[in-house]
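Quick notes on the structure that follows.
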Amino acid sequence: MEQTLKILAAQEAANEDALRVVQLANDADPLTLDLEGVDRVELNFPKFSDGRAFSQAYLLRRRMGFVGDLRATGDVLIDQLVQMQRAGFSSAVLRADKDVGDAQRQFERFGRFYQGDAVTTSPRFAGAA
Amino acid sequence: MYQYTDFDRQFVRQRAAQYRDQLERYFAGKISDEEFRPLRLQNGWYVQRYAPMLRVAVPYGEISSAQLRVLAKIACEYDQPEAALLAQAQDRQEALGSVPVPGGAAVNTKLKTGYGHFTTRTNVQFNWIPLDKSADVMDLLASVGMHGIQTSGNCIRNITSDQLAGIAPDEVADPRPFCEILRQWSTAHPEFSFLPRKFKIAVNGAREDRAALAWYDVGLQLVRNAAGELGFKVLVGGGMGRTPTIATVVREFLPWDQMLNYLEAVIRVYNQYGRRDNAWKARIKILVKAEGQRYIDAVEAEFKAIVEHNGAAHTITQAELDRVSASFVAPVVAAASRKDAKVHEIVRAAAEADPEYDRWLQRNVLDHQQPQLRAVTLSFKRLGQAPGDATGDQLDLAADFADRFSSGEARVTHEQNLLLPWVHQDDLPELWHAARKAGLARSNIGLLTDMITCPGGDFCALANARSIPVSEAIMQRYEDLDELHDLGDIRLNISGCINSCGHHHAGHIGILGVDKDGKEWYQVTLGGSDGTDLSGPATPGKVVGPSFSAAEVPEVIEAVLDTYRQVRAGDGERAETFIATLRRVGIEPFKAAANAARFTAREVA
């Protein structure tokens with residue numbers, strides 16, 4: 001699959017110009033968020049194995065129709081990047097000790113998945129029909 | 001069986017390649033132990049007491065002869081630890097002590113290598129494969145469309161069903177196409193790969209619940225509504241573990257084509273609101289119990305939004321159901337061709353003259369949707385091998401039986417045996433002879449020694465106590481087939497810890513390993529049910545009293561069974577079953593007998 005997720009080093013993220021950014025807590029309901037004028041929503045991974053932000057991302061994209069930057073922050077590792085893109089994230093700040101060189105081939109490996117996601121909304125079976 | 005498409009095959013190969021990439025980065029120090037853990041777990045790799053354990057997925061239990069042969073090869077060539085490791089493990093296990101057999105010798109751990117192990121969730125486990133060979137094993141599995149995808153980890157696990165799916169006479173509809181559609185949908189799901197805790201789904205297509213639906217995170221029961229349309233009764237929030245919980249019915253009827261959309265809602269609400277602060281309270285059962293109707297309302301609201309706002313993207317099309325169902329058309333089965341009709345007559349006559357054959361027909365052979373066919377269970381419950389263990393040679397033999405007698409297909413059963421689903425009735429004598437020669441024809445299916453037993457403290461890092469020596473001691477005590485058949489239908493389930501992999505909660509007799517001061521103790525429960533017609537509505541068993549020492553357990557079982565024989569109604573073939581007797585007279589006489597079997601109590605008396 002094509003990599004559309006922008007992967008940033010921690011330093012790159014720090015040097016970015018200020019935007020209208022909202023940070024959404026893991027236990028907050030994204031459906032209550034006022035997205036008027038918001039350029040970026042940041043969803044935090046307190047631990048890489050805490051998957052709440054995947055559902056939040058999906059809801060922001062597919063239910064709320066948010067089209068701005070949706071960013072993964074916190075414990076962001078190589079092996080969750082493809083999943084993040086599929087859940088609707090558009091950028092991710094890679095944890096400082098991780099090698100961005102290991103990221104690219106993760107996107108190249110799988111051409112298509114079974115189920116629909118926030119980007120390719122239909123499952124494979126519906127597309128093939 | 002489901003026939004893999006090019007896409008399916010490629011996906012499994014890509015997954016194996018992904019795992020190799022992860023393993024290499026782990027060995028290169030680019031991924032920490034903690035970071036690697038969920039990656040290996042979601043491919044079926046645990047790290048156990050002495051060695052890694054691989055759990056291979058057998059989706060809804062269906063397995064081909066070619067796949068069995070690859071499992072045999074893995075058992076023979078890869079399930080082989082270094083001699084020093086095995087010797088060290090054996091020494092440490094022996095030091096835990098032995099379990100005496102009433103009126104006999106004592107049983108101690110005897111670690112084996114070169115075998116696969118059938119689990120209650122119809123997977124196959126290996127205990128001795130070194131981690132540095134794990135990627136090679138995944139490639140080998142991928143060559144026959146097998147894998148360990150999501151057999152562990154906090155994700156949607158292997159889908160289970162009834163071992164008689166598609167062949168049961170009491171079937172409402174074949175659950176296998178839905179199981180396969182679920183398997184595909186749940187594989188590498190981007191949103192649901194890091195749930196609060198593991199998530200297990202079972203699907204039942206028959207009138208009788210043989211899939212233990214009420215014990216699952218989600219149970220789907222195929223039903224027809226008043227208009228004759230096919231759909232599901234949806235149960236959510238069952239589970240064993242520390243808090244045994246019977247699932248709640250959240251929907252009496254869900255149209256079949258909404259299965260995925262509805263599950264998306266069920267799991268999304270859980271992913272957001274399930275507890276993550278305490279692993280013991282993280283299963284969906286805790287959320288459903290705590291929130292009750294509020295959880296159901298949230299799921300219904302989310303489902304409505306998926307359908308109305310998001311276009312119900314995962315509505316199953318008739319075309320997709322037809323495509324998948326085409327893989328499950330019943331094979332046309334004729335009796336195996338015979339060179340010599342005379343030989344068949346001799347084999348048949350010899351079998352029919354043997355009372356053992358009659359017992360085997362009663363216990364191991366089941367009726368089928370097609371009147372001329374039978375479903376035959378190969379028993380993997382016999383002395384000297386742990387329940388559910390199959391050596392490489394036995395896996396090869398089972399593959400041969402599947403080819404010769406069952407259209408190349410077998411089923412891994414929830415009770416840790418193998419079932420041949422497409423056996424012609426005229427082939428039964430030949431199959432019995434062949435299975436008997438292989439040691440797989442013991443007529444104990446559904447009887448006391450057909451125990452469910454987890455690997456326990458001989459292998460599992462989580463276990464508090466060993467399971468296998470206890471089951472071996474009970475098996476030795478109840479070796480006599482006359483006695484076993486007289487005791488009749490009994491479910492005895494053993495778990496080495498409260499994680500309940502041995503489903504002790506659901507056993508008529510449950511044995512649970514507990515740890516007290518670093519020693520092995522066992523809690524005994526009575527009256528549990530998995531939800532089958534025999535066992536009654538699903539319910540956890542009741543504890544009989546303080547836990548017993550390993551040495552006491554076989555005595556306690558004997559005391560309980562003696563009580564049953566004393567108080568049961570009827571006799572011979574009309575004898576009241578153990579569970580019916582227990583329900584009628586209540587737990588008290590059994591409890592009293594069990595507690596009287598304590599060694600300390602006896603010394604006092």
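Every read-out reported here was derived from the displayed coordinates using simple, explicitly stated rules and does not represent laboratory data. Note that the structure is predicted; figures quoted are calculated from it, not measured. Note that we place each Cβ from the backbone using ideal geometry, even for glycine, and neighbour counts take in every protein chain shown.
Ranked by the mean number of other Cβ atoms within 10 Å of their residues, highest first, the peptides B:112-119, A:27-34 come out as B:112-119, A:27-34.
Excluding same-chain neighbours fewer than eight residues apart, the lysines reachable from B:Lys112 by a Cα-Cα span under 17 Å are B:Lys73, B:Lys381. Pairwise alpha-carbon distances in region B:341-437 exceed 18 Å for 46% of all pairs. Across A:Asn26, A:Asn15, A:Asn44, mean-square fluctuation computed from a Gaussian network of chain A (C-alpha pairs under 10 Å connected) peaks at A:Asn15.
Its residues counted as N, chain B yields a C-alpha radius of gyration over 2.2 N^0.38 Å of 0.94. Can you tell me which aspartates and glutamates have their Cα less than 15 Å from the Cα of B:Lys519? Leave out same-chain residues fewer than eight positions away. The qualifying aspartates and glutamates are B:Glu94, B:Asp458, B:Glu552.
Backbone amide hydrogens, once placed in the peptide plane, bring B:Phe232 within less than 5 Å of B:Val223, B:Leu254, B:Trp256, excluding anything fewer than 5 places away on its chain.
For B:Ser529, the residues whose amide H sits under 5 Å from its own are B:Thr539, B:Gly541, ignoring neighbours fewer than 5 places away on the same chain, with H placed 1.01 Å from N. Computed from the Cα positions only, the extents of region B:105-254 along the three principal axes stand at 56, 48, 34 Å, in decreasing order.
When only the Cβ of Lys, Arg, Asp and Glu is charged (+1, +1, -1, -1), the dipole of region B:479-605 relative to its Cα centre reaches about 620 debye.
3J(HN,Hα) along region B:91-108: 4, 5, 6, 4, 5, 6, x, 10, 10, x, 9, x, x, x, 7, 10, 10, 10 Hz, from the Karplus curve 6.51 cos²θ - 1.76 cosθ + 1.60 with θ = phi - 60°, whole Hz, x for Gly and Pro.
Computed across region B:438-487, the Kirkwood radius stands at 12.1 Å (inverse of mean 1/r, all Cα pairs). Farthest toward the positive end of the dipole of region A:6-120, out of A:Ala14, A:Met84, A:Ala25, is the Cα of A:Met84, where the dipole comes from beta carbon charges about the Cα centre.
For B:Leu378, the residues whose amide H sits under 5 Å from its own are B:Leu418, B:Leu419, B:Leu420, ignoring neighbours fewer than 5 places away on the same chain, with H placed 1.01 Å from N.
Inter-chain Cβ neighbour count for B:11-19, averaged per residue, equals 2 (cutoff 10 Å, partner chain atoms only). In a simple Cβ point-charge model (Lys, Arg +1; Asp, Glu -1; nothing else charged), region B:160-326 has a dipole of about 880 debye relative to its Cα centre.
For chain A, taking Cα atoms only, Rg and Dmax work out to 14.6, 47 Å respectively.
Distance between the 7 Å Cα→Cβ label points at B:Ala438 and B:Lys342: 2.9 nm. The HN-Hα couplings worked out from phi for region B:5-15 by the Karplus form 6.51 cos²θ - 1.76 cosθ + 1.60 (θ = phi - 60°) are 7, 4, 4, 4, 5, 5, 4, 5, 5, 5, 5 Hz, whole numbers, x standing for Gly and Pro. According to the calculation over all Cα-Cα pairs in region B:119-172, the P(r) per 5 Å bin from zero is 4, 14, 19, 20, 19, 10, 7, 4, 2, 0 %. Toward the positive end of the charge dipole of region B:341-437, about the Cα centre and with charges on Cβ (Lys, Arg +1; Asp, Glu -1), which of B:Leu366, B:Gly408, B:Pro421 goes farthest? After comparing all options, I get B:Leu366. If R0 is taken as 41 Å, the Cβ-Cβ distance between A:Ala96 and B:Tyr4 corresponds to a FRET efficiency of 0.50. Karplus-derived 3J(HN,Hα) values for region B:431-448, using 6.51 cos²θ - 1.76 cosθ + 1.60 with θ = phi - 60°, are 5, 4, 4, 5, 5, 5, 4, 7, x, 10, 10, 4, 8, 10, 5, x, 9, 3 Hz; glycine and proline are entered as x. Using a Gaussian network model on chain A with a 10 Å cutoff between Cα atoms, which of A:Ala18, A:Ala53, A:Ala96 fluctuates the most? The residue that fluctuates most here is A:Ala18.
With the gyration tensor restricted to C-alpha atoms of the protein assembly as shown, the semi-axes of the equivalent ellipsoid amount to 44, 29, 26 Å, longest first. When the scattering of region B:397-514 is computed by the Debye formula from its Cα atoms alone, each counted once and equally, what is log10 I(q)/I(0) at q = 0.10, 0.13, 0.17, 0.23 Å⁻¹? Each listed q maps to, in turn, -0.37, -0.60, -0.92, -1.19.
Within the straight-line cut-off of under 23 Å between alpha carbons, the lysines reachable from B:Lys233 are B:Lys198, B:Lys200, B:Lys285, B:Lys289, B:Lys304, sequence neighbours fewer than 8 places apart in one chain being disregarded. Averaged over the residues of A:54-62, the number of partner chain Cβ atoms lying within 10 Å of the residue Cβ comes to 5. Suppose we look only past 24 Å in the calculated P(r) of region B:204-329. What percent of the Cα-Cα pairs does that tail hold? Result for the distance tail: 32 percent. For the peptide A:119-126, the mean number of other protein chain Cβ atoms found within 10 angstrom of a residue's Cβ is 5. Pairs of C-alpha atoms in region B:452-604 farther apart than 19 Å represent 51 percent of all such pairs. By the Cβ rule of 4.7 Å, chain B holds the following cysteines without a possible disulfide partner: B:Cys76, B:Cys155, B:Cys179, B:Cys460, B:Cys497.
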